[in-house]
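Trainee: One structure coming up, written as structure tokens, with questions to follow.
The values are calculated or read from the model by the stated rules, or taken from the named source; none is laboratory data. Small disclaimer: the values here were computed from a predicted structure and weren't measured. With ideal geometry, Cβ positions are generated from the backbone for all residues, glycine too; neighbour counts draw on all protein chains shown. Protein only, heavy atoms only, side chains kept; ligands, DNA and RNA dropped before computing areas. Shrake-Rupley method; radii C 1.70, N 1.55, O 1.52, S 1.80 Å.
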Amino acid sequence: KKVLISDKIADICVKTFAANGVEVTYRPGLSKSELIEIIPEFNGLVVRSATKVTAEVIKAATNLEIIGRAGTGTDNIDIPAASDAGVVVMNTPGGNTNSAAEHTCALILSMCRNIPNRHTELMNGQWNRINGIELTGKTIGIIGLGRIGMIVAHRMQAFGMTTIGYDPFVSAEVAAKAGVEAMTLEAMWPLCDFITLHVPLIPPTKHMINAGVLEKCKKGVRIVNCSRGGIIDERSPPGEP
């Protein structure tokens with residue numbers, strides 16, 4: 001069997017395939033036309049989030065049996081087209097859970113202390129004493145209480161934060177066991193000093209953070225999005241949802 005890896009991935013992935021007798025071609029950074037040109041010779045395709053596996057790509061993949069997504073989200077793969085072609089799509093939920101949660105926490109801390117700006121100033125020979133903010137006593141709203149969201153909640157509780165959250169698939173009882181008060185989005189918006197997003201990009205979540213929502217939030221609320229870019233409507237002008 002032959003497998004194409006079209007996104008950057010850890011060496012262990014290539015080595016594991018090779019150790020099991022699979023012929024691997026590692027070609028990250030392929031253009032759409034390049035992918036379409038070479039995909040017919042492969043039985044498997046491994047992607048992360050950069051490669052867009054469209055219906056056109058799947059149609060050209062005449063020998064493809066499986067698409068493996070190294071990560072959780074599959075919004076870059078046309079799953080209906082894959083199903084119609086008899087191609088299995090598999091993801092790896094949990095594969096980057098700790099990394100995503102830790103990255104979220106790092107960004108929250110960076111925002112509190114304005115680290116990127118202070119670093120730039122220091123590299124330019126400036127030393128400005130500008131106060132940040134403390135996390136202790138602040139409230140963080142966690143949208144999406146899956147694996148990543150729950151780890152973020154646990155980490156932020158260690159900083160003395162109040163953790164509230166929303167997830168239509170997680171009961172209030174399960175959330176409470178993790179120290180998170182479950183509530184509706186409408187109830188949550190005005191309470192949050194921080195909001196962190198851990199949801200897939202699907203129709204109900206697209207642009208769920210928009211100007212209309214921000215008007216309901218505290219002034220100066222800080223938002224961290226380690227999910228998908230389309231969850232925040234960055235083009236929405238003030239006053240328009």
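Trainee: Taking the stretch 9-42, which residues are open to solvent by 90 Å² or more (accessible area, probe 1.4 Å) and either touching a Phe, Trp or Tyr at 6+ places or on another chain (Cβ under 9 Å) or aromatic (F, W, Y) (or both)?
Mentor: E23, Y26, listed by residue number.
Trainee: Test each condition in (1) open to solvent by 40 Å² or more (accessible area, probe 1.4 Å); (2) outside any helix (DSSP H, G or I); (3) in contact (Cβ under 8 Å) with a residue 12 or more places away in the chain for V199 and report the one that comes out false.
Mentor: Looking at each condition in turn, V199 falls short on (1).
Trainee: Run G73 past the list (1) of a type outside the set (S, T, N, Q); (2) without any contact (Cβ under 8 Å) to a residue 60 or more places away in the chain; (3) open to solvent by less than 30 Å² (accessible area, probe 1.4 Å) and report the number of the one that doesn't hold.
Mentor: G73 satisfies all of (1) of a type outside the set (S, T, N, Q); (2) without any contact (Cβ under 8 Å) to a residue 60 or more places away in the chain; (3) open to solvent by less than 30 Å² (accessible area, probe 1.4 Å) except (2).
Trainee: Same structure, new question: Would you confirm whether or not the stretch 79-90 contains a residue that is aliphatic (A, V, I, L, M), open to solvent by 60 Å² or more (accessible area, probe 1.4 Å) and assigned to a helix (DSSP H, G or I)?
Mentor: Checking the stretch 79-90: at least one residue is aliphatic (A, V, I, L, M), open to solvent by 60 Å² or more (accessible area, probe 1.4 Å) and assigned to a helix (DSSP H, G or I).
Trainee: Please enumerate the residues belonging to the stretch 164-187 that are of a type outside the set (G, A, S), more than 30 Å from S49 (Cα to Cα) and outside any loop (DSSP other than H, G, I, E, B).
Mentor: E173, V174, K177, E181, E186
One line per residue, one yes/no per condition, for (1) of a type in the set (D, E, K, R); (2) at pLDDT 95 or above; (3) open to solvent by less than 80 Å² (accessible area, probe 1.4 Å):
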position: I115; (1), (2), (3): no, no, no
position: R118; (1), (2), (3): yes, no, yes
position: R129; (1), (2), (3): yes, no, no
position: G137; (1), (2), (3): no, yes, yes
position: G141; (1), (2), (3): no, yes, yes
position: L145; (1), (2), (3): no, yes, yes
position: W189; (1), (2), (3): no, yes, yes
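Trainee: Is there a residue being part of a loop (DSSP other than H, G, I, E, B) and either in contact with a helix residue (DSSP H, G or I) (Cβ under 6 Å, 6 or more places away or on another chain) or among the hydrophobic types (A, V, I, L, M, F, W, C) (or both) anywhere in the stretch 96-107?
Mentor: no
Trainee: Then there's this: Being at negative phi and crowded, with 16+ Cβ neighbours inside 10 Å narrows it down to one residue among L122, L109, L64; which is it?
Mentor: Unique residue meeting the criteria: L64.
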